[in-house]
Amino acid sequence: MADDETQIRALIEDWTRAVHAGDLPGVLAQHAADIVMYDVPPPHDGVRGIEAYAGTWPEFFRWQASGAVFELTSLDITAGDTVAYANALLRCGTPDDLATRPDLRLRLTLGLRKEYGSWVVAHEHHSFADDGGTDDRETSEREVRALHQRWYEATEAKDLDGIMEPVAETVVSYEHELPLEYVGRDEVREVCANGLDAGSGTVTWTVPELAVVVRDDLAVAWGLNRMTAQQPDGSTAVSWSRGTRVFQRAGRGWEMVHQHVSFPVDPDTGQARADLTPTRAH
């Protein structure tokens, strides 16, 4: 069975490289039309069929493009005449993830069958070990804080794709401007694009006293947002607002599922105030 094992090894190594490159045709190659995948995120009963399988990857590719690692560290294969299986471990995470948890590994099991003389993947099962507890909460808090830091850097660089990378497809955001709510990544992307255009020069956003609470796969972060925008005359406009953000860990990193930002209202005028400075501001 040496030739079969060699072919299967090449198939899995090609698939791993395609995942890391965000190459969807490469990921789908040599997969059965009726593939069943048990993935890290829901649905809990799995993804069935090549079209549904293909639909799981774009979100992962967006996360992968942030600089995450996806590489094999071990691979074992057992092959029969028409059926085979393989088990593997992969380094899968952002540089921050792997720096704080160097032993973090994605576990992968593959079931394969031979169709018309070629091996195809008929089943995939991906998982991370559940090592919850206090250390996991501390790690998760660091991850959420690191996500905010990447947001700050992407804002200053006017990198819209970088800003949107951790935003969930189904996000609901309560923004400063009308309408009442913004639903979905596309609507929020437009708001962010308008914000980057608020100044002709550098635009920045930070939360100097960010608070984060994490429990299991949910996190809440809040604080006062400090926004700056360089104006055509060289001056810098500064504004403060309140912000609360909710995140859910989907197995591929934290995603923002809800945001609520607002300016306080002056009771004397009934108008929102964007010119206030917090007494605690640094």
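See the values below:
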{"item": "Selection from region 91-113 of residues that are among the small types (Gly, Ala, Ser) and either in contact (Cβ under 8 Å) with a residue 12 or more places away in the chain or not in a helix (DSSP H, G or I) (or both)", "result": "Gly93, Gly111"}
{"item": "Filter result (closer than 18 Å to Asp96 by Cα and surrounded by fewer than 20 Cβ atoms within 10 Å (Cβ to Cβ)) within region 152-164", "result": "Tyr152, Glu153, Gly162"}
{"item": "Those residues of region 40-61 which are touching a Lys or Arg at 6+ places or on another chain (Cβ under 9 Å) and either farther than 13 Å from Ala21 by Cα or of a type in the set (D, E, K, R) (or both), in sequence order", "result": "Val40, Pro41, Glu59"}
{"item": "Filtered residue count, region 32-52, keeping only those that are in a loop (DSSP other than H, G, I, E, B), touching a strand residue (DSSP E or B) at 6+ places or on another chain (Cβ under 6 Å) and free of Cβ contacts under 8 Å to residues at least 40 places away in the same chain", "result": "1"}
{"item": "Subset of region 205-243 that is among the charged types (D, E, K, R) and over 22 Å from the mean Cα position of the chain (by Cα) - its residue that is farthest from Val257 (Cα to Cα)", "result": "Asp233"}
{"item": "Answer residue from region 1-31, given it is part of a loop (DSSP other than H, G, I, E, B) and not hydrophobic (A, V, I, L, M, F, W, C) and is most open to solvent (accessible area, probe 1.4 Å) among those", "result": "Gln30"}
{"item": "Residues being at pLDDT 95 or above and of a type in the set (Phe, Trp, Tyr) - total across region 98-119", "result": "1"}
{"item": "Unique residue being closer than 30 Å to Leu160 by Cα and among the aromatic types (Phe, Trp, Tyr) when the list is Tyr38, Tyr53", "result": "Tyr53"}
{"item": "Answer from Ala272, Ala221 - the residue that is under 25 Å from Gly162 (Cβ atoms) and either surrounded by 15 or more Cβ atoms within 10 Å (Cβ to Cβ) or among the small types (Gly, Ala, Ser) (or both)", "result": "Ala221"}
{"item": "Counted residues, region 53-97 - those being among the small types (Gly, Ala, Ser) and either modelled with pLDDT under 85 or closer than 19 Å to Glu5 by Cα (or both)", "result": "9"}
{"item": "Any hit, region 95-105, residues being touching a strand residue (DSSP E or B) at 6+ places or on another chain (Cβ under 6 Å) and under 19 Å from Thr16 (Cα atoms)", "result": "yes"}
{"item": "Residue match in region 64-82 (condition: within 30 Å of Thr204 (Cα to Cα) and of a type in the set (Val, Ile, Thr))", "result": "yes"}
{"item": "Leading residue by the ranking (least open to solvent (accessible area, probe 1.4 Å)) among those in region 53-81 that are polar (S, T, N, Q) and not in a helix (DSSP H, G or I)", "result": "Thr56"}
{"item": "Given (1) closer than 22 Å to Leu98 by Cα; (2) open to solvent by less than 40 Å² (accessible area, probe 1.4 Å); (3) not hydrophobic (A, V, I, L, M, F, W, C); (4) not in a helix (DSSP H, G or I), index of the condition His125 fails", "result": "(2)"}
{"item": "Yes/no for Ser140 being closer than 30 Å to Gln30 by Cα and open to solvent by less than 80 Å² (accessible area, probe 1.4 Å)", "result": "no"}
{"item": "Qualifying positions in region 34-52 - open to solvent by 80 Å² or more (accessible area, probe 1.4 Å) and among the aliphatic types (A, V, I, L, M)", "result": "none"}
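The values are calculated or read from the model by the stated rules, or taken from the named source; none is laboratory data. All of these numbers come straight from a predicted model, not from anything done at the bench. In this analysis, Cβ positions are derived from the backbone assuming ideal geometry, glycine residues included, and neighbour counts consider all displayed protein chains. SASA here: full protein model, heavy atoms, side chains in, ligands and nucleic acids out. Shrake-Rupley method; radii C 1.70, N 1.55, O 1.52, S 1.80 Å.
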